[in-house]
Amino acid sequence: MNVRLVPALALVALAGCSKFHVEKQYTLDMFSTQHIEVTAPTSEQRIKVTMTSDEPVTVTVLLAKDVPTKEEFDPGTLDKGTLAQKKDTKDTTLDVTIPAKEKYRVYLSGAKKKAQVSVKIDEQ
């Protein structure tokens, strides 16, 4: 193999190894909902969703295909497509397996007072 190609091939190999990471902060008004939509992974993916808030909220991970078509709904009441959920919490970590080729959403809802929420999504 040509010695000049080795660094280029190493760079190409490392480019495919990057892990998914999203970090967002929200002000969640009383009884409002925020969500993060994530593109479909090419293969099954394990993620960790970490949420902290100054007021209790509900965090729900849903497959995008199972989100109701109506604009207003309470993600905390859905059964179908719910991959993980923690209700009325100020601090939680959810470990979730996302199926291959399925978009998903992380919902924040259920605040009974205005809340400052921070959420991180990391690939494992």
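The values are calculated or read from the model by the stated rules, or taken from the named source; none is laboratory data. Because the structure is predicted, anything quoted here is derived from the model rather than measured. Counting neighbours? That spans all protein chains shown, and the Cβs are built from the backbone with ideal geometry, glycine included.
Tabulated data
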read-out: Qualifying positions in region 41-52 - surrounded by 15 or more Cβ atoms within 10 Å (Cβ to Cβ) and not hydroxyl-bearing (Ser, Thr, Tyr); value: PRO41, GLN45, ILE47, VAL49, MET51
read-out: Of all residues in region 17-55 being in a loop (DSSP other than H, G, I, E, B) and of a type in the set (Phe, Trp, Tyr), the one that is farthest from ARG105 (Cα to Cα); value: PHE31
read-out: Some residue of region 74-81 being part of a loop (DSSP other than H, G, I, E, B) and surrounded by 16 or more Cβ atoms within 10 Å (Cβ to Cβ); value: yes
read-out: Residue, modelled with the lowest pLDDT, within region 109-124, restricted to residues that are assigned to a strand (DSSP E or B) and more than 10 Å from the chain's Cα centre (by Cα); value: SER109
read-out: Unique match (being surrounded by fewer than 10 Cβ atoms within 10 Å (Cβ to Cβ) and either at pLDDT 95 or above or over 17 Å from VAL119 (Cα atoms) (or both)) among GLU71, GLU55; value: GLU71
read-out: One residue from THR27, THR33, THR52, THR77 being polar (S, T, N, Q) and free of Cβ contacts under 8 Å to residues at least 24 places away in the same chain; value: THR77
read-out: Verdict on LEU63 being of a type outside the set (Lys, Arg), touching a strand residue (DSSP E or B) at 6+ places or on another chain (Cβ under 7 Å) and over 23 Å from GLN25 (Cβ atoms); value: yes
read-out: Options LEU94, LEU108: the member that is of a type in the set (A, V, I, L, M, F, W, C) and more than 16 Å from SER32 (Cβ to Cβ); value: LEU94
